[in-house]
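Before any comments, here is the structure.
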Amino acid sequence: MTLLRLAAFGPRIAAFAFLALVASASQAQGRYTISSDGQEVTDTTTKLAWRRCAEGLRWDGKECSGKLKTFKYPEAKEAAAAAAKSDAKAWRIPTKDELVALVDKTAKKKPRIDVKAFPQTPAKPFWALRPGSDDDLSAWLVNFANGKVTGNAGQRRFHLRLVRTSA
């Protein structure tokens with residue numbers, strides 16, 4: 001039912017319907033809450049805040065725009081440290097389990113992620129930390145084309161999405 005038709009029932013009904021529509025737009029897949037500026041997505045299940053756009057892209061109010069970047073693993077670690085310093089938020093590379101939690105196994109199309117919450121996500125591998133390994137060679141990759149996790153020696157270039165504990 002359109003808002004115009006609901007207005008026939010009275011302004012309170014129409015206002016309630018409008019607020020419900022706005023609320024549903026900011027709740028992607030029921031599990032994610034999008035920040036008011038659209039830059040971050042909070043996972044209400046894991047209590048993690050994610051950058052909505054992959055590194056190199058920025059939310060412009062309608063979509064993630066810019067030039068998508070890829071990084072070697074040492075560069076990904078540097079990019080996370082620089083983001084944390086410039087933004088005054090504790091941005092970091094996610095662990096394998098944190099990033100795997102974003103994989104939507106029910107998605108019928110690629111990428112296998114909630115594209116309302118994380119638009120313009122390429123169906124490609126993203127960097128993830130390998131806990132217990134603090135070198136520039138060992139890391140995980142989580143592929144949003146198929147949800148598979150693989151190990152990597154850190155010398156090739158892949159995408160990056162940063163995470164932090166939500167406040």
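What the table below lists for this structure:
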{"quantity": "Subset of region 76-99 (residues that are out of contact with any strand residue (DSSP E or B) (no Cβ under 9 Å at 6 or more places or on another chain), part of a helix (DSSP H, G or I) and open to solvent by 70 Å² or more (accessible area, probe 1.4 Å))", "calculated": "85, 86"}
{"quantity": "Count of region 36-63 residues which are open to solvent by 40 Å² or more (accessible area, probe 1.4 Å) and part of a loop (DSSP other than H, G, I, E, B)", "calculated": "10"}
{"quantity": "Positions within region 64-75 being within 18 Å of the chain's Cα centre (by Cα) and either open to solvent by less than 90 Å² (accessible area, probe 1.4 Å) or farther than 11 Å from residue 157 by Cβ (or both), in sequence order", "calculated": "64, 65, 66, 67, 68, 70, 71"}
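The values are calculated or read from the model by the stated rules, or taken from the named source; none is laboratory data. Computed from a predicted model, the values in this text were never measured in an experiment. Cβ: placed from backbone, ideal geometry, glycine included. Neighbour counts: every protein chain shown. In case anyone asks, the SASA skips ligands and DNA or RNA and just uses the protein heavy atoms, side chains included. Shrake-Rupley method; radii C 1.70, N 1.55, O 1.52, S 1.80 Å.
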